[in-house]
Amino acid sequence: MMLLGVLLFALNDTMGKWLLGTYAVGQLMLVRSVAGLCVMAPAIQRVGLSGFRGAPRPGLQVLRAACSTLEASLFFWGVSTLPLAEVMTYYMAGPIYVTALSPLLLGERVGWRRWAAIVAGFCGVVLALHPSPGSLSFGAVCALLGSFFYALFLITTRKLAAVSGTILMTGQLLSSLIFGAAFVLVYGWTSPGPVDLALMLLLGIGSLSGNLCVNQSLRMAPATTVVPYQYTLILWGMLFGYVFFGEMIGPLTVAGAGIIVASGMFIFLREQQGLRRSPTRQRAAVPVTIAKTHDLD
């Protein structure tokens, strides 16, 4: 289920990159949000208006929705000029950023071993960026900012662990809808053909389906068993980037991706060891994976 979910994410990202050759980011965000809300309509109806009104910490929910919208739109802007696998590599550093920010934003203690892994992960990001006078392109800046907002999205998701997944996902989709509609109003609408419109709608359905697969995998097996498979996203990015766009990433990016994956896995395993030693933390923790949502009710 984890492998299938990751594959769906990769296919979704590939479709988005393909459509960006013709359509603006705002238009993609708008249509995929409409598709997601249509699919979620039965779950939204079950929660009802009272469930949304009584949801706790509305301000933090708005912040989470904004971070989700920003990380998704910045991802699309990133892949519009950079290879698919390269942008995915930056996003795989998101959980490393979460660990670095957790003492400040989550009040969690980070030991020296995880700090060493964080430093190594940042070195991997720098290596993947292969700094040079021309390396900080528009796409690279978008990818780096997007991975930071993705980390903030993961942190706010942890803080809202007690809130219904349907409520969180609805807010996320509405934020994306408003963002996309605003951009369409400013920059206009490009009328899509039937095939392109279907692909745009699939962006929303594919994202939800991928999250359901990831969440199901976490129900069926321990996180330590299934989470490592999330890093196959980079392999899919390399394959689809080459097959559909003729993209080849350089050796420095590959080396940086390897360091990021190794650092992320070390941090994850250390955190799991800490959870096993502390029942209180285990009850409060939310696994950090590439999943973009909570479970749907």
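So that you can scan it fast, the table gives a plain yes or no per residue for (1) on the phi > 0 side of the Ramachandran plot; (2) under 13 Å from the mean Cα position of the chain (by Cα); (3) buried (at least 17 other Cβ atoms within 10 Å of the Cβ); (4) assigned to a helix (DSSP H, G or I):
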| position | (1), (2), (3), (4) |
| --- | --- |
| 95 | no, yes, yes, yes |
| 136 | no, no, no, no |
| 141 | no, no, no, yes |
| 146 | no, yes, yes, yes |
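Could you go through region 104-117 and let me know if any residue there is assigned to a helix (DSSP H, G or I) and open to solvent by less than 20 Å² (accessible area, probe 1.4 Å).
To start, the set of residues in region 104-117 that are assigned to a helix (DSSP H, G or I) comprises 104-105, 112-117.
Subsequent filtering for residues that are open to solvent by less than 20 Å² (accessible area, probe 1.4 Å) retains 117.
Among the residues of region 104-117, at least one is assigned to a helix (DSSP H, G or I) and open to solvent by less than 20 Å² (accessible area, probe 1.4 Å), which makes the answer yes.
Scan region 240-271 for residues that are within 16 Å of residue 14 (Cα to Cα), in contact (Cβ under 8 Å) with a residue 12 or more places away in the chain and surrounded by fewer than 16 Cβ atoms within 10 Å (Cβ to Cβ) and jot them down. Give the steps one after another, and end with the answer.
So in region 240-271, the residues within 16 Å of residue 14 (Cα to Cα) come out as 240-249.
Within this subset, residues satisfying the condition of being in contact (Cβ under 8 Å) with a residue 12 or more places away in the chain are 240-241, 244-245, 247-249.
244, 245, 248 - these are the residues of region 240-271 that are within 16 Å of residue 14 (Cα to Cα), in contact (Cβ under 8 Å) with a residue 12 or more places away in the chain and surrounded by fewer than 16 Cβ atoms within 10 Å (Cβ to Cβ).
With respect to the numbered conditions (1) open to solvent by 10 Å² or more (accessible area, probe 1.4 Å); (2) closer than 16 Å to residue 143 by Cβ; (3) of a type outside the set (Asp, Glu); (4) modelled with pLDDT of 95 or more, which one is the sole condition not fulfilled by residue 66?
That leaves (2) as the condition not met.
Output the residue which, of all residues in region 69-83 that are of a type in the set (Gly, Ala, Ser) and farther than 18 Å from residue 236 by Cα, is surrounded by the fewest Cβ atoms within 10 Å (Cβ to Cβ). Don't jump to the end; show me each part of the working.
Applying the first criterion (of a type in the set (Gly, Ala, Ser)) to region 69-83 yields 72-73, 78, 80.
Subset that is farther than 18 Å from residue 236 by Cα: 72-73.
Details: 72: 27, 73: 21.
Restricting to residues being of a type in the set (Gly, Ala, Ser) and farther than 18 Å from residue 236 by Cα, the top hit is 73.
Taking the condition within 26 Å of residue 55 (Cβ to Cβ), within 17 Å of the chain's Cα centre (by Cα) and polar (S, T, N, Q), does residue 157 pass?
Working: within 26 Å of residue 55 (Cβ to Cβ): yes; within 17 Å of the chain's Cα centre (by Cα): yes; polar (S, T, N, Q): yes.
The answer is yes for residue 157.
Could you tell me whether residue 179 is aromatic (Phe, Trp, Tyr), within 14 Å of the chain's Cα centre (by Cα), in a helix (DSSP H, G or I) and crowded, with 20+ Cβ neighbours inside 10 Å?
When the stated conditions are applied, residue 179 does not pass them.
Can you tell me which of 198, 151 is part of a helix (DSSP H, G or I), over 17 Å from the mean Cα position of the chain (by Cα) and of a type in the set (Gly, Ala, Ser)? Spell out how you get there, then give the answer.
Details: 151 fails: over 17 Å from the mean Cα position of the chain (by Cα).
Matching residue, one of 198, 151: 198.
Does residue 217 qualify as being of a type in the set (Ser, Thr, Tyr), within 23 Å of residue 26 (Cα to Cα) and touching a residue at least 60 places away in the same chain (Cβ under 8 Å)? Can you show your working first?
Numbers: of a type in the set (Ser, Thr, Tyr): yes; within 23 Å of residue 26 (Cα to Cα): no; touching a residue at least 60 places away in the same chain (Cβ under 8 Å): yes.
Considered against the rule, which asks whether it is of a type in the set (Ser, Thr, Tyr), within 23 Å of residue 26 (Cα to Cα) and touching a residue at least 60 places away in the same chain (Cβ under 8 Å), residue 217 comes out as no.
Among the residues of region 49-56, is any within 15 Å of residue 183 (Cβ to Cβ), open to solvent by 10 Å² or more (accessible area, probe 1.4 Å) and among the aliphatic types (A, V, I, L, M)? Outline the logic, then answer.
Keep residues of region 49-56 that are within 15 Å of residue 183 (Cβ to Cβ), which gives none.
No, region 49-56 contains no residue that is within 15 Å of residue 183 (Cβ to Cβ), open to solvent by 10 Å² or more (accessible area, probe 1.4 Å) and among the aliphatic types (A, V, I, L, M).
Would you confirm, using the coordinates I've provided, whether residue 280 is modelled with pLDDT under 90 and either in contact with a strand residue (DSSP E or B) (Cβ under 7 Å, 6 or more places away or on another chain) or not in a helix (DSSP H, G or I) (or both)?
Details: modelled with pLDDT under 90: yes; either in contact with a strand residue (DSSP E or B) (Cβ under 7 Å, 6 or more places away or on another chain) or not in a helix (DSSP H, G or I) (or both): no.
So residue 280 does not fit the description; no.
Can you find, within region 189-198, the residue that is farthest from residue 40 (Cα to Cα) among those that are open to solvent by less than 60 Å² (accessible area, probe 1.4 Å) and without any contact (Cβ under 8 Å) to a residue 40 or more places away in the chain?
Ranking the candidates gives 193 first.
Per-residue answers, yes or no, for (1) farther than 30 Å from residue 243 by Cα; (2) basic (Lys, Arg); (3) free of Cβ contacts under 8 Å to residues at least 24 places away in the same chain:
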{"residue": "7", "(1), (2), (3)": "no, no, no"}
{"residue": "21", "(1), (2), (3)": "no, no, yes"}
{"residue": "27", "(1), (2), (3)": "no, no, no"}
{"residue": "31", "(1), (2), (3)": "no, no, no"}
{"residue": "47", "(1), (2), (3)": "yes, no, no"}
{"residue": "60", "(1), (2), (3)": "yes, no, no"}
{"residue": "72", "(1), (2), (3)": "no, no, no"}
{"residue": "79", "(1), (2), (3)": "no, no, no"}
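Tell me which of these residue 86 doesn't satisfy, since it passes every other one: (1) farther than 17 Å from residue 141 by Cα; (2) open to solvent by 10 Å² or more (accessible area, probe 1.4 Å); (3) in contact with a helix residue (DSSP H, G or I) (Cβ under 8 Å, 6 or more places away or on another chain); (4) at pLDDT below 95.
(1)
How many residues are within 16 Å of residue 39 (Cα to Cα) and either open to solvent by 20 Å² or more (accessible area, probe 1.4 Å) or at pLDDT 95 or above (or both) if we restrict to region 208-239? It would help to see each step written out before you state the result.
Residues of region 208-239 that are within 16 Å of residue 39 (Cα to Cα), as a first pass: 208-213.
Of the ones still in play, those that are also either open to solvent by 20 Å² or more (accessible area, probe 1.4 Å) or at pLDDT 95 or above (or both) are 209, 212.
Of the residues in that region, 2 qualify.
The values are calculated or read from the model by the stated rules, or taken from the named source; none is laboratory data. For clarity, every value in this text was computed on a predicted model and none was experimentally measured. Note: ideal-geometry Cβ built from the backbone for every residue, glycine included; neighbour counts use all protein chains shown. These accessible areas exclude ligands, DNA and RNA; they are computed on the full protein's heavy atoms, side chains included. Shrake-Rupley method; radii C 1.70, N 1.55, O 1.52, S 1.80 Å.
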